[in-house]
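A short worksheet on the structure shown next.
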Amino acid sequence: MSYFPLLKTLALAGIGGYVGWRLKIPAGAMVGSMIAVAAGSLLKVDLGPLPPYSKAVVQVILGAILGLGLKNMDLDQLKSLLLPAGIIITILMVAGFLTALILNRFFGFDMMTAIFSSTPGGMTELSMVATEMSANSPVVAILQLIRLMSVIALVVPIAKLIAR
């Protein structure tokens, strides 16, 4: 078994991830690696699959990163977020599922891909869960990337206008 295709995949991902990170693109390491490997795939470069345990390793690291983000919060702060979180979740879930129905009915998306494509959340996290749920994770990642870039491009200037 040749490891050369796998090494090419990892090299492309590493270079793309580094470029995305250095350019300070939101989620740049993931976006850059995804673009680099996708370009390699589209150009028919012989890329190898990642080992089956790769997703689990990434999920463990992601869980650690998210868990460490809570270290400066106390229990009272977390409790005070429950009602606002419930309101936000309800509104976004309704909007997400309505959008998923539109994607499914009018654009031919399978329902899992439609749901994960239209659910607001982290591109990395949703793409990983989409993979586990047998959704089309490249489509989910691309649509989540477009959503993320649009939010950054539109929300920041609008928020600045509103906050004046």
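Quick notes on this one:
- So ALA100, is it farther than 24 Å from VAL58 by Cβ and surrounded by 17 or more Cβ atoms within 10 Å (Cβ to Cβ): yes
- Within the range 26-54, residues that are more than 13 Å from LYS8 (Cα to Cα) and in contact (Cβ under 8 Å) with a residue 12 or more places away in the chain sit with their Cβ atoms under 6 Å from residues that are among the polar types (S, T, N, Q) and surrounded by 15 or more Cβ atoms within 10 Å (Cβ to Cβ), at 6+ positions apart or across chains, in these pairs: MET30/THR124.
Per-residue answers, yes or no, for (1) in contact with a helix residue (DSSP H, G or I) (Cβ under 6 Å, 6 or more places away or on another chain); (2) closer than 25 Å to VAL37 by Cβ:
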{"site": "ALA100", "(1), (2)": "yes, no"}
{"site": "ALA114", "(1), (2)": "yes, yes"}
{"site": "MET123", "(1), (2)": "yes, yes"}
{"site": "SER127", "(1), (2)": "yes, yes"}
{"site": "VAL139", "(1), (2)": "yes, yes"}
{"site": "VAL155", "(1), (2)": "no, no"}
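- Residue within the range 100-117 that is at positive phi and not aromatic (Phe, Trp, Tyr) present: yes
- If you check ARG164, ARG105 for being over 29 Å from GLY67 (Cβ atoms), more than 10 Å from the chain's Cα centre (by Cα) and not in a helix (DSSP H, G or I), only one passes: ARG164.
- Within the set SER117, SER134, the sole residue that is at pLDDT 85 or above, closer than 30 Å to ILE61 by Cβ and in a loop (DSSP other than H, G, I, E, B) turns out to be SER134.
The values are calculated or read from the model by the stated rules, or taken from the named source; none is laboratory data. In this text, all values refer to a predicted model and were calculated from it rather than measured experimentally. Here the Cβ is made from the backbone with ideal geometry for all residues, glycine too, and neighbour counts use every protein chain on show.
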